[in-house]
1. With Rg/Rh (Cα atoms, Kirkwood Rh) in mind, check (i) 0.97; (ii) 1.03; (iii) 1.13 and report the label derived from this structure.
2. Exposure proxy check: 60, 77 ranked by fewest other beta carbons within 10 Å?
3. Run the quick spin-label model on residue 23 and residue 68: label points 7 Å from Cα toward the beta carbon, then report their separation in nm to one decimal.
4. Tell me the mean residue ellipticity at 222 nm calculated for the chain from its helices only (DSSP H runs of n ≥ 4, each -39500 (n - 2.57), averaged over every residue, nearest 500).
5. Report the full-extension gain for the segment residue 88 to residue 57: residue separation times 0.36 nm, less the Cα-Cα distance, to one decimal in nm.
6. Can you give the relative contact order of the chain as a percent, counting alpha carbon pairs under 8 Å and 6+ residues apart?
7. With axes computed from alpha carbons, what is the tilt in degrees of helix 2-35 against the longest principal axis of the chain, rounded to the nearest 10 within 0 to 90?
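Laboratory data are not the source of any read-out in this text; all were calculated from the coordinates shown. Predicted model only: the values in this text are computed from it and were never measured. Heads up, the Cβs are rebuilt from the backbone with ideal geometry, glycines too, and the neighbour counts pull from every protein chain shown.
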């Protein structure tokens, strides 16, 4: 009986730690699947890029980059519900 209770507590603890990462990854995978529908003749899609950083970290991660004749689109995926407001000059 105690073994079962311990397994439940450990499972809940691990779920609390990893749940946000799982939700975020599911959002990234959704966008990745949608971007795969773009015509590869006109669009080059790069996912999950790791680039050198000039900040206080060694690297930075970019979720998606779409290169086309219309421009280069950098997409940061957030798996949130509701509206997000801001402008390009705002930090938050």
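1. Calculated Rg/Rh (Cα atoms, Kirkwood Rh): the matching label is (iii).
2. Listed from fewest to most nearby Cβ atoms, that is 60, 77.
3. So the label points at residue 23 and residue 68 sit 3.0 nm apart.
4. -13500 deg cm²/dmol
5. That pair, residue 88 and residue 57, stretches by 9.0 nm at full extension.
6. 22
7. 10
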